[in-house]
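Trainee: Please find one structure pasted underneath; my questions will follow.
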Amino acid sequence: MYRRKIESVLIQWKERENRNPLVIKGCRQCGKTSSVLDFAKKNYDNVIYLDFHEHKEYKSFFAGALDVDTLTLNISAGIKGARFVPNKTCLVFDEIQDCPNARSSLKFFKLDGRYDVICTGSLLGVNGYKSKEEQREESAASIPVGFEQIVTMYPMDFEEWLWANGIENQHIDYLRDCLNKEIPVNEAIHQRMRQLLLRYVVVGGMPEAVSAFFKTNNMNEVADIQRGIVDTYKADMLKYALQEDKSRIRECFESIPAQLAKENKKFQYSTIRKSGRSRDYLGCLQWIEDAGIINRCYNTTITELPLNGNAIPDCFKVYMTDIGLLVSMLEDGTAWSILQGDLHGYKGAIFENLAADIFGKMGRKLYYFQKEGTLELDFLLRYKGECCPLECKAQSGNAKSMRTVLKNPDHYHVFHGLKIGDYNVGRNGAVLTLPFYMAFLLDEY
């Protein structure tokens with residue numbers, strides 16, 4: 001087991017006296033089940049595990065009355081060894097989206113109070129796209145609003161990757177101190193962190209891919225696992241989407257590398273298909289986003305806070321949630337080139353997606369600023385209470401748009417900028433330059 005940030009969330013949840021059942025949502029294979037089971041086995045005498053995806057028959061336990069006494073009777077009769085001891089038992093409902101009545105039962109477990117419940121769900125956001133029969137089943141159930149706590153889990157982020165590579169908290173504290181004092185990182189540490197960043201780009205944060213990397217040090221095996229995960233996503237699109245949307249959802253998904261390879265990376269429906277229009281694909285793109293596979297980055301009308309209030313709903317870029325999965329979708333040899341330090345592929349899109357990976361897994365919503373024919377800022381962040389533009393440069397490079405914005409504070413209302421790339425910490429006037437591996441430390445809102 002790798003150290004994951006969800007552990008602290010689970011610990012804080014259990015420490016609450018009046019806790020609701022916990023629902024952990026996130027894309028498939030990001031580590032939800034293994035993290036929950038590891039926590040439950042360490043903190044409860046009895047753990048009862050129900051996987052509704054693998055065992056469809058478990059749904060019958062919830063087909064009738066949902067009071068806790070009836071449910072415990074049904075579950076103990078149907079699962080050998082299931083023991084219910086008040087205050088010492090945790091039920092784990094895996095892939096709860098496959099059993100809507102189990103989710104409805106969370107209200108009754110909360111009101112009863114004898115047993116804790118932790119749920120995982122990979123496709124909770126896509127319920128509205130299920131078949132009519134499944135929608136009828138869900139309409140008969142009800143989401144227990146006010147009786148559950150929902151948390152989003154992501155694939156391993158860069159900091160978790162550092163932990164897995166033996167980087168201790170003291171090393172991360174040292175990096176944060178360099179950021180705060182704006183002083184260069186020690187050269188030995190700087191080179192080690194550069195190496196770990198490049199490896200993160202090609203491995204990403206899917207735990208199975210990370211494990212394969214550490215066990216074999218063979219990128220072919222890592223890539224096979226990543227492509228298998230991508231194939232699982234495509235299979236979900238065929239299984240869970242409405243019949244009329246299946247092919248279009250897949251077309252949307254498979255267009256992502258081509259979208260990012262363009263000079264103008266704004267998502268364009270005509271890139272999916274020559275005659276493509278938003279009305280044909282908008283819901284399909286939403287399906288992929290709801291499944292946790294992608295993040296949208298919205299253009300803004302102005303460079304001011306609040307960023308969400310200034311976002312343009314129909315003007316956005318699309319990035320993969322996990323950078324390793326994106327690299328696995330690109331042409332053969334891309335991973336090798338990255339590991340050799342060639343950071344220029346796909347017109348800088350790989351390292352833009354890396355920034356989107358890091359910020360997205362921090363829980364930040366993504367924004368950028370572009371005015372046709374004039375300037376473009378890769379990202380806009382709320383940082384230290386200000387709207388702060390951030391430019392990604394795979395290697396040292398000019399940031400012409402940022403200079404323009406900073407020279408006109410009366411017009412753009414921007415006073416400080418960030419530039420991340422393949423260099424050490426430094427400052428040039430109002431622009432703070434940082435090594436790319438420090439992006440995860442930009443957590444001060």
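Just so you know, all these numbers are worked out from the coordinates, no wet-lab data involved. Not measured: the values here are computed from a predicted model. A quick note on method: Cβ atoms are made from the backbone with ideal geometry, for glycine too, and the neighbour counts reach across all protein chains shown.
Trainee: Looking at 294, 369, 319, which one has the Cα that reaches farthest to the positive end of the dipole of the chain (charges on Cβ: Lys, Arg +1; Asp, Glu -1)?
Mentor: So the residue furthest toward the plus end is 369.
Trainee: Of the options 66, 113, 48, report the single residue whose Cα projects farthest towards the positive end of the charge dipole of the stretch 6-152 (beta-carbon charges: Lys, Arg +1; Asp, Glu -1).
Mentor: The residue sitting farthest along the positive end of the dipole is 113.
Trainee: Also, quick follow-up: Taking amide H atoms as placed 1.01 Å from N in the peptide plane, list the residues 5 or more away in sequence, or in a different chain, whose amide H sits under 5 Å from that of residue 120.
Mentor: HN-HN under 5 Å from residue 120: 24, 93, 94, 95, 96.
Trainee: As an exercise, identify the GluC sites (Glu not before Pro) in the stretch 1-90 lying in DSSP coil whose Cβ has no more than 14 other Cβ atoms within 10 Å.
Mentor: Hits after loop and neighbour filter: 17, 54.
Trainee: Where does the charge balance sit around residue 411 when Lys and Arg score +1, Asp and Glu -1, over other residues with C-beta under 14 Å from its C-beta?
Mentor: Net local charge, residue 411 excluded: +1.
Trainee: ³J(HN,Hα) across the stretch 287-297 via Karplus (A = 6.51, B = -1.76, C = 1.60, θ = phi - 60°), whole Hz, x for Gly/Pro?
Mentor: Values, residue by residue: 4, 5, 5, 5, 7, x, 8, 10, 10, 8, 10 Hz.
Trainee: Grab the DSSP H runs of the chain that are 4 residues or longer, score each as -39,500 (n - 2.57), total them, divide by all residues and round the 222 nm result to the nearest 500 deg cm²/dmol.
Mentor: Roughly -12500 deg cm²/dmol at 222 nm, from the helical runs in the chain.
Trainee: Report, ordered by chain and residue number, the lysines lying within cross-link reach of residue 371, taken as a straight Cα distance under 17 Å and ignoring same-chain residues fewer than 8 apart.
Mentor: Residue 371 reaches 262, 265, 266, 317, 400, 407.
Trainee: While we're looking at this one, here's another question. Rounded, prolate or oblate, given the Cα gyration tensor of the chain, with a/c below 1.5 counting as rounded?
Mentor: prolate
Trainee: May I pose another question? Say the dipole of the stretch 143-215 comes from +1 at the beta carbon of Lys and Arg and -1 at that of Asp and Glu; which of 161, 195, 175 then lies farthest toward its positive end?
Mentor: So the residue furthest toward the plus end is 195.
Trainee: Sticking with this one: Counting alpha carbon pairs within less than 8 Å and at least 6 residues apart, what relative contact order, in whole percent, applies to the stretch 158-441?
Mentor: Result for the stretch 158-441 is 18 percent.
Trainee: Can you work out the FRET efficiency for the pair residue 270 and residue 427, with r the C-beta to C-beta distance and R0 = 60 Å, to the nearest 0.05?
Mentor: 0.90
Trainee: Would you grab the residues whose amide H sits under 5 Å from the one on residue 366? Only those 5+ places off in sequence or on another chain, please, with H modelled 1.01 Å from N.
Mentor: Those lying under 5 Å, H to H, from residue 366 are 298.
Trainee: Going by alpha carbons, how many degrees (0 to 90, nearest 10) lie between the helix axis of 219-240 and the longest principal axis of the chain?
Mentor: Helix 219-240 sits roughly 60 degrees off the main axis of the chain.
Trainee: Which ³J(HN,Hα) values, rounded to whole Hz and listed in residue order, are derived for the stretch 11-19 from phi using the Karplus coefficients 6.51, -1.76 and 1.60 in 6.51 cos²θ - 1.76 cosθ + 1.60 with θ = phi - 60°, glycine and proline given as x?
Mentor: Once θ is set to phi - 60°, the couplings for the stretch 11-19 become 5, 4, 4, 5, 6, 6, 5, 9, 6 Hz.
Trainee: Then there is this: Cross-link partners among lysines for residue 107, C-alpha distance below 28 Å, same-chain residues fewer than 8 apart left out?
Mentor: Cα-Cα hits under 28 Å: 5, 14, 25, 32, 41, 42, 56, 59, 80, 88, 130, 132.
Trainee: A further question on this structure: Rounded to whole Hz and in sequence order, give me ³J(HN,Hα) for the stretch 325-336 from the Karplus expression 6.51 cos²θ - 1.76 cosθ + 1.60, θ = phi - 60°, writing x for Gly and Pro.
Mentor: 3J(HN,Hα) across the stretch 325-336, in whole Hz: 5, 4, 4, 5, 8, 8, 5, 4, x, 5, 4, 4.
Trainee: What dipole magnitude, in Debye to the nearest 20, does the stretch 158-441 give about its Cα centre under +1 on Lys/Arg Cβ and -1 on Asp/Glu Cβ? Kindly include the intermediate steps, with their values, before the conclusion.
Mentor: On the way: 34 positive and 35 negative charges, 134 e Å.
The dipole magnitude comes to about 640 debye.
Trainee: Another question about this same structure. Classify the stretch 372-445: rounded, prolate or oblate, from the alpha-carbon gyration tensor (a ≥ b ≥ c, eigenvalue square roots; a/c under 1.5 rounded; otherwise prolate if a/b is larger than b/c)?
Mentor: Numbers: a/c = 1.72, a/b = 1.24, b/c = 1.39.
Oblate is the answer for the stretch 372-445, as a/c is 1.5 or above yet b/c matches or exceeds a/b.
Trainee: Relative to the longest principal axis of the C-alpha atoms of the chain, give the angle of the C-alpha long axis of helix 187-203, reported between 0 and 90° and rounded to the nearest 10°.
Mentor: 50 degrees
Trainee: For residue 378, list long-range residues whose amide hydrogen, built 1.01 Å from N in the peptide plane, is under 5 Å from its own amide hydrogen.
Mentor: Amide H to amide H, under 5 Å and 5 or more residues apart or across chains, residue 378 pairs with 390, 392.
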